[in-house]
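Visitor: My structure is below; once you've seen it, I'll send some questions.
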Amino acid sequence: MRRKLRWAPGVTGLLAGALLLSLGACEGADIKSQYPEKRDRVVVPAPEGERQTIFGPGGFNFLSLGDTGKGQAPSDGSAGIAVNSFLWRASLDTMSFMPLASADPFGGVIITDWYSPPETPDERFKATVYILERQLRANGVRVAVFRQSRNGANDWRDVTTSQETAVALENAILTRARQLRVSAVEQQ
């Protein structure tokens, strides 16, 4: 009667590691001959004025993404997040009647959960808000609205939604963003 040999978990990794170590040790011991000696590096100083980096003038400041590099906050209301803060806050305010499923301030995406209005319990809505610009502009926000209607006990069917619904939500967000911007300017 023949027995099958079974490997214990981790034995294969242990054998592979031992094989790699033994092969690495077989290579020549004179490592210095393979690599050139250190040479003196020539460091070219940056020109006077603004600091030059791969992130542009002023560098990259994680806590204030909109920092201009001169210690002052940007005027577009985008300090601290990657999208326009007025559009972001206005989107959250406008969509606050629906339960929030996800909010990504760095990507500029707000996703709501399904919401059934009390007047029409046999239909429900879901919305996704995309903030596309760092400036407060009319084309800086897009809304996608999804609607379903009940077709039985728990059978929901997709129903087409009028484009005017999305446009009305976009206009409400833009109006609220303008209000927030005006109140921020008045407080300065």
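Visitor: Amide H neighbours of W156 under 5 Å, counting only residues 5+ apart in sequence or on other chains, H built in-plane at 1.01 Å?
Guide: Excluding prolines and chain starts, which carry no amide H, the hits are N151.
Visitor: While we're here: Tell me, what HN-Hα J-couplings in whole Hz come from the Karplus equation 6.51 cos²θ - 1.76 cosθ + 1.60 at θ = phi - 60° for each residue of the stretch 157-167, using x for Gly and Pro?
Guide: These are the phi-based 3J(HN,Hα) values: 10, 5, 10, 5, 10, 5, 5, 5, 5, 5, 5 Hz.
Any read-out appearing in this document is the output of simple, stated calculations on the displayed coordinates, not a laboratory observation. All figures in this text were calculated on a predicted structure; none of them were measured in a lab.
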